[in-house]
Structure formats: structure tokens, C-alpha cells
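See structure below.
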Amino acid sequence: MRRFSFRDWPFSYYLILAIFAILAIAVVCLIGISFHATEQTLRDSARAVQLQTEESLVTVFRTKEEGVRIFDDSLNSRMEGSFPLFLAEYERSGRNPYAMDLESVQRALGEGMDLYVIDGDATIIATTYDDDLGLRFRDYAPYFADYLDRIRVSDGMHPDRAVSAKTTGEMKKYAYYPTADHRYILELGLTVKSVPIASFGYLDHDLIGQVEHANPYLVDARVFETTLRERINDTSVDISDPALKALLGGVLSNRTSLTLRDEARGITTRYLFVELGNDNYGSDLSRIIELTYTDQPIKEALASSIRYHLFLGLVALLACTLLTSVSIRNLIRPTRKMIEDVNTIASGDLDHPITSPFGKEMIGLEESISAMVSRLKNTITELRTSEEKYRALVESANSVIIRSAPDGTIRFINEYAQEFFGYTAPEIIGKDLVGTIVPAIESTGKDLEAKIRDLVAHPENYAASENENIRKDGSRVWIAWTNRPLRDDQGNLTEILSIGNDITRLKQVENEIQALNSELEQRVSERTRQLVDVNRNLESFTYSVSHDLRAPLRAISGYSTILLEELQDISEKDRRYLELVRQNAHDMGRLIDDLLNFSRLGRQSLQKQILDPGAVVRDLVRELSSDPNNKAVMFRIGSLPHARPTRSSSGRPSQTSFPMLLSFPGAANTRWWRLDRSWTRDGRFISFRTTGLVLTCNSPIRSLESSRGCTMKRCMRALVSALP
């Protein structure tokens, strides 16, 4: 079963996925931007609500405090009018607080008035309010103990604020008066039954509840007094947590607000210090409000916003994807049709037309595919022709053709090789060379197996080689191999192409030739000995002939000389004939000497000397021109190359046949000869030109061509017989 692969998807899917990914990224980015903006807006809003809440609390506390202060001031006159009785009782008791009759004074002052005596240690030592007896202000409110110490050493009444009682929480108006001996402080406490404005107790309890309800980010709120006690249900309660007490003490000491943030829980704790202190009063009504804010509403709002935006983004994404899918399917329909056409072409129908698409790129692609198909058709035709030629060549070649793998196994063998070795293709393909067509050991003792292993490892070292092979029937043959390595694009060896020719008969012929060479050497030696004898006899004969011919020549030369000397009155024509007879006799003598020298060449080495052919030809022309019959012939001698002829004993080249130059047909007419040289790629040559005739002979002269027949050839051979 074929494994799933994304590569098998249609191209439209990739386009849809790409556009979907782009849209998804855009949607995510927009959601991220919106989320960030929403988060920032919510946090700004939470901060604004927080500031508004805190400002409202501070404003309300200060407004209430101002109202209570005004009410306090209205009670000061009553408090001041009550102290004379209290002071008189102190004097009556002999300034002994324990001897004072506080109840009688209380009855005299009226209902709702409590009396307190505070010693130098800021402790209540006598009172009509038994719950406060023994209250030590240095432990309860250290700052207030310092305030009492200042009062003790001063004079006059010192009114205080209306505050909540420590134990009952009811509102009382306090005032202080130092004794005349400054040992004690007399304190009056007037219980306030009816207050024209809400009390602090009511304010602390109810206002915080309203704030918590109005601020969704506020999860908890607590109010602490300057005595470091918490106000719960209009009552001051001690704090059991030392850390919190120390924290509140730091806020009170610095008289500034403090913010603590717990990022893990998303909780912000704000210790808001509300400054309500007054230097004219001993009691400090300032408050520390612990406000605990949470980020949960922000998180819930952000989660809701994300869900909303994700929903919108998903809807938009699906809508865009649907529209994109429909659009892409319509856009790529021509492309799909073109792909079908290409598949049809790829299946073998190269003449199938390609549907014309639209779009510059697709039109260019269609044109490129059409051009490629055209080139492919031409290439296939050429390859088919080449393959047919190659197959015909390989199958009909009278040579052994083998392709072997790098490990030495046979991959291909042509029909000739199959018939030659006696194997069929199924029998030998896949088999190792050694043991099938190559013996392990040559008949000469050479290790062929090692040679084959080295050949497949280093085929470049065996471009041409010979070795003994073996047929299926066991007969041995000699083959000359040409080996060529075949490599892939990376240069790795893939196959070795070996072409071999049977040289068994050549090997046999070599042996026969060696035997014949030995026999030939013996025959040459015998023939050389016979030739020496023949040359010796020829030299004797030539010497005899030259000796016999000299006598008549001397007679001819002598008699012609006598006639020239004695016959002074003969005609000029006759005298010229006698001169020619004598000259020819002399030339005949030289020819006899040359013939005698030629017979001796067998015992001499050839001696070549540089000769100017132009000078020789000019001498010959001069002699020929003296003949009256040759007046109609004109000679033009050009620049002739120097030659190295074999010199005769007389030092002149032979000119015996030169007069035959005039014996061609039509010589009676006026004609001209021209001797010149030319250059060709093969070297120099000498040419004779006549009117309407060109004779050419290469150097060294081996043949001569002429359109005028063999007579002219013989003349040319005679003329150039002395040239190399």
C-alpha cells in the first residue's frame, strides 16, 4: 500500500493552504493586536477605577473627619466647664488619686461623663469606667503616650477628638487637663449619644462595602487604625500576624501608601494611607486601608474578548478560505487541463496538443513545454536512430563486446561473443569473468585472475591489453582487448566496456613469421653472395666493352680533328657537322667512363653533392640550341632548387636522352619551354611548361603525368635523371 505523502496533493491544495496560512497569520496578528489593545485598555480602566476608588475613599474619610471635628469643637465648652469640679476633688483628696471620690464627681457632672486619672507612665490608675482601668497607652498607642507626656508638663485643657472606645466601640469625646503638680493628667470622657453625621464606625464598615460593590477589581478591603488594630464591626481588633503588624507600622511611620504585587496570583495589595491627623488633638484618626485588587476580571474580559475575536476570525477565515477555494479551482482549471495534456504527452502521445492557458507565466510555460516536446521528439528520433545503429553495430560486429560490473560480473555480451565463446546470454550474464571466459592461469603461467581484479580496480591502466581466453569447450584463444571505464555524473565507476578481437591466428602467424624470418635470413645471405659474384662478372664485362669501344671512338675523334685541320676551305655547315661528330665522340667517351664508374658503384658508397640544376640545364640548352633543327624551340629557365645528385667520375649529370625533348609531335612549330619550381604541402617539385602543356614531377621523382603521351614522359625522365 502506498504511503501517504503531501507531495501527492493537488497544486490547488497547496495554494489554498498557503492562502489559509497567510490569512491565519493575519487573523492571529489582528487578534494579537486587538488582544494587546484590549488588555491595555482594561488595565488602564482598572487603574482608573482603582484611582477613583482610592480618591473617593480619601475624600469621604476627610469629609467625614471634618464634620466630626466641627462637632468636637462644639463640645469643648462643656468639657472645659466640667474640669473645675474634677480638679477640686483632686485637691481635696490631698492630691492622691486613690482617695478621690470619682463617683460623686461623675454624679455632679451628669450622666454620660466618665472620669480618668492617668499617671506619669501613661496608665489609667483610677476611673469611673472600669473596663479601661489599667489601660497603658504606651502599649495601646505609643504615639498617644508621647502626646500625654507633653500635656503633663503643660497647663490648661487639651480637648481631643471623638473616637471609638477600645472595648465597646461607642463614640466618646475626650479632654485632658494636667494637675497643678504636673504628676497626673485628669481625663474626661463624654459619651456621644447622638452625632449629627455618620460616625467613623459606620463609615469604616459601610463605606468599604459600597466600594467593594462598586469596584469589580476589589476583592477585599480592611481598615486599620493608627493603633495598628483592625476595625471589624465597628470594633478595634488586635492583629495576630506580626508581619502584617510590622508592615502597617512601616506605612504609619512613613505616612505614605504602599503597593505590593503578586504576579503569580495576579493580586495587587494596596495599603492606602489616609492622613487625618491634627496637631491640635492627641488622637490620630488617620486610617490605613488595605485594598486587595485582582486581575481576574481583566483575565475574564480578555478571555471573552479572545473567544469573540477567535469566533469572528474563524468565521472570516472560513469564508475567505471558501471563496479562495472556489476562485483557485476556477483559476487553475486551465492549468489542470494543461497538466492532463502533459500527462497524455508523457504517456507517449507526443503529438497531443496542449490547451492554451491564460496568464503570462502559464503561456510562457505552455510555450516552453511545447518547445521541449518538439526537442524531445527530435531527440527520441535521433536516439532511436542511434540506438538502431548501435544495436546493429553491436549485434553485427565481428568483435567480442562485453560490459562488466566493477566487481567483475558480466552484465552484457553480444551475439558474436556468445557464438565465439559458446555461451548463451542467460548462462553467462551475472557470472564472474574469471572461470567463464578468462582462465585463472594463462598457458604461459601468467596469473590472469590477479590481472582481472586489477583491471576492474584500475581500468585506466588497461586501455589496451592482450591475454589468453577460454571457450566453453575448453579451447584456448588469444584476444586483443580495448577497455573503457564508464562513470556516472559523480565520477563513480559503473561499468567497464571491453571490446575484443580474436588474434589467435595472428599469434600463429607471428610464430610462422619468426620461422620464415630465420629462413629468409639464410636465403638473403645466399642471394647476397650470388649477387656479389654477378656484379664482379658485370664489372669485368663492362671493362671489356669500354675498352673495345674506346678504339673506334678515338678513330672517329682523330679523323674528324684531321679533317677540320686539313680541310680549311669547307663550308661553315660542314665544319659544324664535323665539330658535332668530334664533340659527340668525346661525349661518348665520357659516357663509357661513366658506365665504367657505374659498374664500380657496388664497391663504393654513394657520395652526394650540392648541384645547381639551372647551370646544368643552361649548358644542355646551349648545346641543343646549336642544332639548326632546334631553332624553333625557345627555352625559359626559371629559379630551380638545388639538388644533391650522385656525381659520376666526370662530375656532370647524365644528358644522354636530353635531345629527345625535341621529339614530341608538333616540334616543328615554334614552341617554348619553361623550367621552374613550385611548393606544395608535400614539398617542392620541378615543373616543365610548354605551350598548352604542363609537366609536373615531385621530388624525389617517382611518376610523371602528361596529357601528351609517353614520349614527353621519357623526355622528362631523361631531363631530371640527375635530380634527387
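From the list Arg152, Arg136, the one residue that fits, being in contact with a Phe, Trp or Tyr (Cβ under 8 Å, 6 or more places away or on another chain) and basic (Lys, Arg), is Arg152. The single residue among Ala243, Ala175, Ala141, Ala162 that is small (Gly, Ala, Ser), surrounded by fewer than 16 Cβ atoms within 10 Å (Cβ to Cβ) and at pLDDT 75 or above turns out to be Ala243.
Given the residues Glu103, Glu91, Glu80, which is the only one that is farther than 13 Å from Thr179 by Cβ, exposed (fewer than 14 other Cβ atoms within 10 Å of the Cβ) and more than 60 Å from the chain's Cα centre (by Cα)?
Every option except Glu103 fails the conditions.
Residue pairs whose Cβ atoms lie under 7 Å apart, separated by 6 or more positions or on different chains, with the first residue in segment 320-337 and more than 17 Å from Leu23 (Cβ to Cβ) and the second exposed (fewer than 14 other Cβ atoms within 10 Å of the Cβ) and among the hydrophobic types (A, V, I, L, M, F, W, C), are Ile332/Phe11; Pro334/Phe358.
Annotation: of all residues in segment 390-406 being assigned to a loop (DSSP other than H, G, I, E, B) and in contact with a helix residue (DSSP H, G or I) (Cβ under 7 Å, 6 or more places away or on another chain), the one that is modelled with the lowest pLDDT is Ala397.
Of the residues making up segment 286-319, not one is touching a residue at least 40 places away in the same chain (Cβ under 8 Å), among the basic types (Lys, Arg) and over 30 Å from Val274 (Cα atoms). For Glu566, are the conditions met, namely being over 60 Å from the mean Cα position of the chain (by Cα), over 27 Å from Asp619 (Cα atoms) and exposed (fewer than 10 other Cβ atoms within 10 Å of the Cβ)? Against the criterion (over 60 Å from the mean Cα position of the chain (by Cα), over 27 Å from Asp619 (Cα atoms) and exposed (fewer than 10 other Cβ atoms within 10 Å of the Cβ)), Glu566 qualifies.
For Ile289, the conditions (1) of a type in the set (Val, Ile, Thr); (2) within 30 Å of Ile354 (Cβ to Cβ); (3) in contact with a helix residue (DSSP H, G or I) (Cβ under 9 Å, 6 or more places away or on another chain) are fulfilled apart from (2). Within segment 425-445, residues that are free of Cβ contacts under 8 Å to residues at least 60 places away in the same chain reach partners that are in a loop (DSSP other than H, G, I, E, B) and of a type in the set (Gly, Ala, Ser) with beta carbons closer than 8 Å, at six or more positions or on different chains, in the pairs Asp432/Gly408; Leu433/Gly408; Val434/Gly408; Val434/Ala440.
For segment 283-312, the tally of residues that are closer than 27 Å to Glu263 by Cβ and either assigned to a loop (DSSP other than H, G, I, E, B) or not β-branched (Val, Ile, Thr) (or both) stands at 17.
Criterion applied to Ser45, Ser56 was being of a type in the set (Ser, Thr, Tyr), surrounded by 12 or more Cβ atoms within 10 Å (Cβ to Cβ), closer than 30 Å to Val219 by Cβ and modelled with pLDDT of 85 or more, and the one residue passing it is Ser45.
For segment 354-376, the set of residues classified as over 24 Å from Ile19 (Cβ atoms) and either acidic (Asp, Glu) or in contact with a helix residue (DSSP H, G or I) (Cβ under 7 Å, 6 or more places away or on another chain) (or both) consists of Ile354, Thr355, Ser356, Glu366, Glu367, Ile369, Val373, listed by residue number. Of all residues in segment 59-77, which are under 29 Å from Glu103 (Cβ atoms) and surrounded by 14 or more Cβ atoms within 10 Å (Cβ to Cβ)? Hits for segment 59-77 are Phe71, Asp72, Leu75, Asn76. Starting from residues that are over 25 Å from Leu486 (Cα atoms) and in contact with a helix residue (DSSP H, G or I) (Cβ under 8 Å, 6 or more places away or on another chain), keep the ones in segment 441-461 and report whichever is surrounded by the fewest Cβ atoms within 10 Å (Cβ to Cβ). So, considering only residues that are over 25 Å from Leu486 (Cα atoms) and in contact with a helix residue (DSSP H, G or I) (Cβ under 8 Å, 6 or more places away or on another chain), the one surrounded by the fewest Cβ atoms within 10 Å (Cβ to Cβ) is Ile441. Only one residue in Arg270, Arg261 is touching a helix residue (DSSP H, G or I) at 6+ places or on another chain (Cβ under 8 Å), of a type in the set (Lys, Arg) and in a strand (DSSP E or B). Which one? Going through Arg270, Arg261 in turn, the sole match is Arg270. Against the list (1) out of contact with any Asp or Glu (no Cβ under 6 Å at 6 or more places or on another chain); (2) part of a strand (DSSP E or B), the condition Asn280 fails is (2). Here is a list: Ser305, Ser253, Ser347, Ser257. Which entry is in contact with a strand residue (DSSP E or B) (Cβ under 8 Å, 6 or more places away or on another chain) and hydroxyl-bearing (Ser, Thr, Tyr)? Criteria check complete, one pass: Ser257.
Look at Thr379 and say whether it is under 26 Å from Leu23 (Cβ atoms), outside any loop (DSSP other than H, G, I, E, B) and not small (Gly, Ala, Ser). No, not satisfied. Scanning segment 139-163 for residues that are outside any helix (DSSP H, G or I), closer than 20 Å to Leu285 by Cβ and of a type in the set (Asp, Glu) turns up just one, Asp160. Evaluation of Phe420 against the conditions (1) closer than 14 Å to Ser399 by Cβ; (2) without any contact (Cβ under 8 Å) to a residue 40 or more places away in the chain shows that the sole unmet condition is (2). Screening His352 against (1) part of a helix (DSSP H, G or I); (2) surrounded by 12 or more Cβ atoms within 10 Å (Cβ to Cβ); (3) not hydroxyl-bearing (Ser, Thr, Tyr) leaves a single unmet condition, (1).
Out of the residues in segment 555-580 meeting the condition of being in a loop (DSSP other than H, G, I, E, B) and polar (S, T, N, Q), tell me which one is modelled with the lowest pLDDT.
Gln568
For Leu516, the test of being at pLDDT 85 or above, among the aliphatic types (A, V, I, L, M) and over 20 Å from Pro406 (Cα atoms) is passed. Please indicate, with yes or no, whether at least one residue in segment 522-542 is in contact (Cβ under 8 Å) with a residue 24 or more places away in the chain, surrounded by 11 or more Cβ atoms within 10 Å (Cβ to Cβ) and basic (Lys, Arg). Looking for residues that are in contact (Cβ under 8 Å) with a residue 24 or more places away in the chain, surrounded by 11 or more Cβ atoms within 10 Å (Cβ to Cβ) and basic (Lys, Arg), one finds none in segment 522-542, hence no. Against the condition at pLDDT below 95, aromatic (Phe, Trp, Tyr), surrounded by 12 or more Cβ atoms within 10 Å (Cβ to Cβ) and within 18 Å of Asp181 (Cβ to Cβ), how does Tyr98 come out, does it pass? Taking the combined requirement at face value, the residue does not satisfy it. Here Gly67 meets the list (1) without any contact (Cβ under 8 Å) to a residue 12 or more places away in the chain; (2) within 20 Å of Val192 (Cα to Cα) almost entirely, failing just condition (1). Applying a threshold of 7 Å to beta carbon distances and a minimum spacing of six or more residues, or different chains, the list of pairs starting in segment 476-494 at a residue that is under 23 Å from Ser399 (Cβ atoms) and ending at one that is of a type in the set (S, T, N, Q) and exposed (fewer than 12 other Cβ atoms within 10 Å of the Cβ) reads Arg476/Ser443. Comparison of Glu340, Glu366 shows that the only residue that is more than 30 Å from Asp262 (Cα to Cα), surrounded by fewer than 14 Cβ atoms within 10 Å (Cβ to Cβ) and among the charged types (D, E, K, R) is Glu340.
The values are calculated or read from the model by the stated rules, or taken from the named source; none is laboratory data. Everything numeric here is computed off the predicted structure, so don't read it as measured data. Cβ coordinates were reconstructed from backbone atoms using ideal geometry, including for glycine residues, and neighbour counts include every protein chain displayed.
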